[in-house]
Amino acid sequence: MVPWLLLPPLSGQVGFTHHPFLWTSKKSKAKPNGKKPATEEKKMYLEPEYTKSRITDVGFKELVVLPREIDLNEWLASNTTTFFHHVNLQYSTISEFCTGEACQTMAVCNTQYYWYDERGKKVKCTAPQYVDFVMSSVQKLVTDEDVFPTKYGREFPSSFESLVKKICKYLFHVLAHIYWSHFKETLALELHGHLNTLYVHFILFAREFNLLDPKETAVMDDLTEVLCSAGGRGGGGGDGASGGGTGAQNHVKER
Ligand SMILES: [Zn+2]
């Protein structure tokens, strides 16, 4: 990995705890007798006054493209690491509200995500536990020299792309949960512009390299459509507020 593409560690991250679970989550539909289904009007994040909010005018569609002379795996590695730090940071801003009581399951719309342990056994966990599983697993991977090599001459493993896809899948779950369950709090903190910007950058990057299964992301298609379509300023334009985007672009401002 190219070290200069990496960001310094962010402050205010969620605390990591190591756990024995392997990183093999699957999702399944929420039970009909489960938590009450959310209604359309709950989707406050779709309101135009909020969807137009961004922290930068950077055009992400051009920004996510693999630059010439940069190795594909290096590009995937540096961006994935950056997205991990930013999703982690974004979640940490609302983590005090994401409690085992408030978020008893990791649910987004009518989809519920479960964690699977190393034997493939379904683990019943709350949303904060699920996020902790995600963050600690990804942290472990992105700091593993055998998976995300940073030293000159070290090769990426043959499983690298599939690992990146898994990381993206779990980061997507966390972003979707923030929108679905904590948008109100994000609004109160006036961080929705950051969330939208991160989401657009992340989705367009994943789209560019086919890192997310469309079936996986269908649960947020309405938001994706609004934020990433041409009508949503092509995933680029912002509201003119200050800010430097969501990370990796700070290092590659060639636009
Ligand atoms: Zn929550």
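We did not get these values from a lab; they are worked out from the coordinates using the rules stated. All of these numbers come straight from a predicted model, not from anything done at the bench. Cβ coordinates were reconstructed from backbone atoms using ideal geometry, including for glycine residues, and neighbour counts include every protein chain displayed.
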GluC sites (Glu not before Pro) within region 164-229, DSSP loop, no more than 13 other Cβ atoms inside 10 Å: Glu190
Rough spin-label spacing in nm, given labels placed 7 Å along Cα→Cβ, for Glu101 and Glu190: 3.0
Whole-Å semi-axes of the ellipsoid equivalent to region 77-121 (Cα gyration tensor, √5λ, descending): 22, 19, 10
Qualifying GluC sites (Glu not before Pro) for region 74-143 [loop in DSSP, other Cβ within 10 Å: at most 11]: Glu96, Glu101, Glu118
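Give the calculated FRET efficiency between Glu208 and Glu155 to the nearest 0.05, with a Förster radius of 22 Å applied to their Cβ-Cβ distance. Provide the component values of the computation, followed by the final result.
On the way: r = 23 Å, r/R0 = 1.06.
Efficiency for this residue pair is about 0.40.
Using the structure shown, select from Lys61/Lys151; Lys43/Lys124; Lys124/Lys169; Lys140/Lys215; Lys43/Lys165; Lys52/Lys184 the pairs with a Cα to Cα distance greater than 23 angstrom. List each step's numbers first, then the result.
On the way: Lys61/Lys151 30 Å; Lys43/Lys124 26 Å; Lys124/Lys169 19 Å; Lys140/Lys215 27 Å; Lys43/Lys165 27 Å; Lys52/Lys184 16 Å.
Among Lys61/Lys151; Lys43/Lys124; Lys124/Lys169; Lys140/Lys215; Lys43/Lys165; Lys52/Lys184, the Cα-Cα distance tops 23 Å for Lys61/Lys151; Lys43/Lys124; Lys140/Lys215; Lys43/Lys165.
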At q = 0.08, 0.09, 0.12, 0.15 Å⁻¹, base-10 log of I(q)/I(0) for region 48-204 (Debye sum, equal scatterers on each alpha carbon): -0.26, -0.33, -0.58, -0.88
